[in-house]
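Since the structure comes first, as structure tokens, the remarks are kept for the end.
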Amino acid sequence: MSASSEPPRAGLHVLKFGGTSLGNSERVREVASIIATQSEKGPTVAVVSALGHVTDELVTASELATAGDERYGAKLRELRELHLKSVEELARPEDQEGVAKSVETLMAGLDELLQGVSLVKECTPRTQDGVLSVGERLSAILVAAALRAHGTEAEACDAKDLIVTDANFGSANVILKTTREQVVPHFEQAAPLQVVTGFIGGTTTGDTTTLGRGGSDYTATLLGAILEAEVVEIWTDVNGVMSADPRIVQEAFSLESLNYDELMELSHWGAKVMHPAAVQPARESGLPILIRNTLNRDFEGTEVQGVAAPGRGPVRGIASINDVSLLRLEGTGLQGAPGTAERLFGALARARISVILITQASSERSICFAVEPHKLDEAVELIHEAFELERAAGLVEDLVVERRCSILAAVGEAMRESPGIAGRIFDVLGHHRVNVRAIAQGSSEINISFVVTQDDEERALRAVHRALFQPEGRSLRLYVTGVGRVGAALLDQIEAQAPILRDSGVEVVLAGLGRSKGVVLDVEGLDLSDWRRVAESEMTDAAEMIQTAVRSDHPRRVFVDATASQEVTENYETLLGAGVAVVSANKLAFSETMERFQTLKRLGAQGMGIFFETTVGAGLPILKTIEDLVATGDTIDRVEGVLSGTVGFISDRLMGGATFSEALKEADDLGFTEPDPREDLGGRDVARKLVILGRMAGFSYELDDVHIEPLLPGEGWTDISVDEFWKRLPEVDDHFTERREKALEAGNVLRYLASVNNEHASVRMTEVGPGHPCASLADSENLVTIISTRYKNTPLVVRGPGAGPDVTAAGVFADILRALAES
């Protein structure tokens, strides 16, 4: 800045660039262009970190030298070559000799420092600060050279001569009054644009210090506050502060505005934009901060100031710390004992162990806290020593340690005025079966922090982000296995209804489609309008769809089983345990053991639900009716009726004069039968339905408890192929013709009747009189009569089509929408 009668603030912009923005010569040129453009608009100061990865290389060189390992010399040679090559690429030709000489001088001093370290095999904090400061000094020289090559006069400025600190090497504290006395005159007199080294300070005796983590950000905000700048711009390689880590949460978005406290909280809890300490000078002086992206100069940035503009909701963002260790001190000796917290955290503080999170039970019986993993063993030893007497007396237990944990924090100033945020967070975590290990919330209510296992971190982060930031409306991730008659009809119905659902705020996304050959997956959504072609696409292993549904963090996931596969049903528990709703038209799982039936119902009740209405009566509301009766206190005495649309159709055609084989062939042509019709005729399929009915009514039946009279007379029908079965089927026509004639003579009709009560369950072909509810059934109609305490004199009757892909698919579709409504 040139001298002026105006205060230093007058339009001043302080621009800070981190190592990721200075990763190579091309990036340095881009940074120089940004600085030059701003300097044309008004007074500008640039603050720079070391080039990308240089600080890490300096740390490694220091460690090698301390160990007496001569390979530190090779590290120095690599660093020297890197910076001299950058001089050639960045400086104008007439400037290169002078810039290279400056680089050589710094590298010679670094070499001398590390030679001394190697000789004594010790690197003191003072020496370490001297070593690490070289990275910023080299960077400032190169950026200034790049600016001059761009046509902007600039010079490197060593902050050691400006920022005065104490001698707490490694994390020095700024002496503000003395620093102000140095900074203001310097910038009043400095003519060229100043490229200041971040991270560095100096003691009053001339020793180099470093400012600790986030030191370059701190340099920028400190200078901005002292010089009364208009704004400090922190240039990174992402679009400002994001609502969550975009590497984990695809839907993460840039935040337009934050206040200082929100930024400090997000930074503390893992947002890698600014260190919390660096925010403090801006906060105290009311200095605006603008966080921008060197890779996207069109992005206007995230603005940080005292009062932020409203966001999308009360929560601004979600941050996470990936790896912490959780410790719990507990015991009766902690209750009502003054000084317990001081002894615990004092022991850790004296060893300079930072405590990341603290929470205490209201009973005072336990204190839970988190530390960095590399400090865990030391922390355990210190605390055991601090409470040695209490442990010996049995008043305090050994520390409980949980490794590989992560902390997530939802942050937002408006949370304190918005009830229900914690409820939404923990509700969605429960849906996704994420176990919360610890919870902490300050009295300011600006954040809610909670601890989960590392394995759950990404799933929890995505799920909570969706719960807090998803737009109005409800979306559903659908995984359908089985594209036979019912599955095909279901997909056609969903595709036809999708626009209407969308208009009502429901978006159905077909994320997976499975058939016997394999599965097709796309979490963003398969093409419902062309699902038949999609079903023929390149497939992956069937188990992958289950794992995809389980791993998904979407809050509403529904797995649809439109098969008759035993193998598919074996995944139900896994799906339900992961918070995936299960909709099934497959009777097998629900008619297995009573123990498994109860397990599935319990898991469904704990999670997103299990829905199996179409296992009995296709699309008829039979099971839901019985469930509602029982739930409201009615007692079911007996349930009976015709439960097979296929056999009901055959019976109707048989009574109308057709032969049995003709009636079965017609049912098969209409799609009423299973691929192997013997599954319909053996009675076991009806028995499975009856078992499900009985269990829903409150009766405890196993499948083998049901007395089954097969429809086909004689033996050996199951021992032949399907083709042979169709050839031999006319052999039974006479048998059924005789039964029909006999029934007609008595004024009755034949019906395949299923009946269950508390004592008996049976399935058999029988004659019913004209007054029986089933006598008037036609085509594939099912009918169920429910006799209960409330419906004793006049049974409750549910009647309608009980077979056919369209009505069954409609029932499955209804169950899907029920699952959505109950989520």
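The values are calculated or read from the model by the stated rules, or taken from the named source; none is laboratory data. Owing to the predicted nature of the structure, the values given are computational and were not obtained by experimental measurement. Ideal geometry is used to build each Cβ from the backbone, glycine not excepted, and the neighbour counts take in all protein chains shown. Heavy atoms of the whole protein, side chains included, go into the accessibility calculation; ligands, DNA and RNA do not. Shrake-Rupley method; radii C 1.70, N 1.55, O 1.52, S 1.80 Å.
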Treating only Lys and Arg (+1) and Asp and Glu (-1) as charged, each at its beta carbon, one finds that the chain has a dipole about its Cα centre, in Debye to the nearest 20, of 1260 debye
Can you work out the PRE-style zone for Asp69? Point 7 Å along Cα to Cβ, and I want the residues of region 102-119 with backbone N under 17 Å. 114-115, 117-119
Counting only protein heavy atoms, what percent of the accessible surface of region 608-664 is carbon or sulfur at a 1.4 Å probe? 49 percent
Within-14-Å neighbourhood charge of Ala167 [Cβ basis; K, R +1; D, E -1]: -1
From the residues Val580, Val195, Ala50, which one has its Cα farthest along the dipole of the chain in the positive direction, the dipole being from +1 and -1 charges on Cβ of Lys/Arg and Asp/Glu about the Cα centre? Val195
Determine how many Å³ per residue the convex hull of the Cα atoms of region 102-172 encloses. 86 Å³
Expected output is a single nm value to one decimal: the length gained when fully extending between Lys742 and Glu567, i.e. 0.36 nm times separation in residues minus the C-alpha distance. What is it? 58.6 nm
Can you give me the relative contact order of region 477-587 as a percent, contacts being Cα pairs under 8 Å and 6 or more apart? 29 percent
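Given charges of +1 on the Cβ of Lys and Arg and -1 on the Cβ of Asp and Glu, with all other atoms neutral, how large is the dipole of region 142-277 about its Cα centre, in debye to the nearest 20?
Working: 7 positive and 19 negative charges, 73 e Å.
It comes to approximately 360 debye.
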How much accessible area per residue does region 433-540 have, in Å², with a 1.4 Å probe? 46 Å²
For region 280-432, just the Cα set please: Rg and Dmax, both in angstrom. 20.4, 66
Those GluC sites (Glu not before Pro) from region 686-746 that are DSSP loop and have at most 16 other Cβ neighbours within 10 Å turn out to be Glu702, Glu715
Determine the percent antiparallel among the DSSP beta bridges restricted to the chain, to the nearest 5. 60 percent
Percent antiparallel among DSSP beta bridges confined to region 394-542, nearest 5, equals 65 percent
Using just the alpha carbons, could you tell me how many Å³ per residue the convex hull of region 236-279 encloses? 69 Å³
Label point at Asp676 placed 7 Å out along Cα→Cβ; residues across region 524-568 whose backbone nitrogen lies under 20 Å: 562-568
Given (i) 2, 10, 17, 18, 16, 14, 11, 7, 3, 1, 0, 0, 0; (ii) 2, 11, 16, 16, 14, 12, 10, 8, 6, 4, 2, 0, 0; (iii) 3, 13, 22, 24, 19, 12, 5, 1, 0, 0 as candidate values of P(r) over Cα pairs in 10 Å bins from 0, in percent, which corresponds to the one derived from the coordinates? (ii)
Set Lys and Arg Cβ to +1 and Asp and Glu Cβ to -1, take the dipole of region 267-426 about its Cα centre, and tell me which of Phe387, Gly333, Gln360 lies farthest positive. Gln360
Taking only the alpha-carbon atoms of region 725-823, what semi-axes of the equivalent ellipsoid follow from 5 times the gyration tensor eigenvalues under a square root, in whole Å, largest first? 31, 22, 13
Mind checking which lysines have their C-alpha under 16 Å from Lys160, skipping anything on the same chain fewer than 8 residues away? Lys177
Would you kindly calculate the translational diffusion coefficient of region 45-198, applying Stokes-Einstein with the Kirkwood radius from alpha carbon pairs, for 25 °C and a viscosity of 0.890 mPa s, and quote it in µm² s⁻¹ without decimals? 150 µm²/s
Compute, for region 685-765, the length of the dipole vector about the Cα centre, with Cβ point charges of +1 (Lys, Arg) and -1 (Asp, Glu) only. Units Debye, rounded to 20. 420 debye
What number comes out for the charge environment of Trp717, summing +1 per Lys or Arg and -1 per Asp or Glu over other residues with Cβ under 13 Å away? -3
Dimensionless Rg/Rh of region 457-515 - Kirkwood Rh, Rg from C-alpha atoms: 1.08
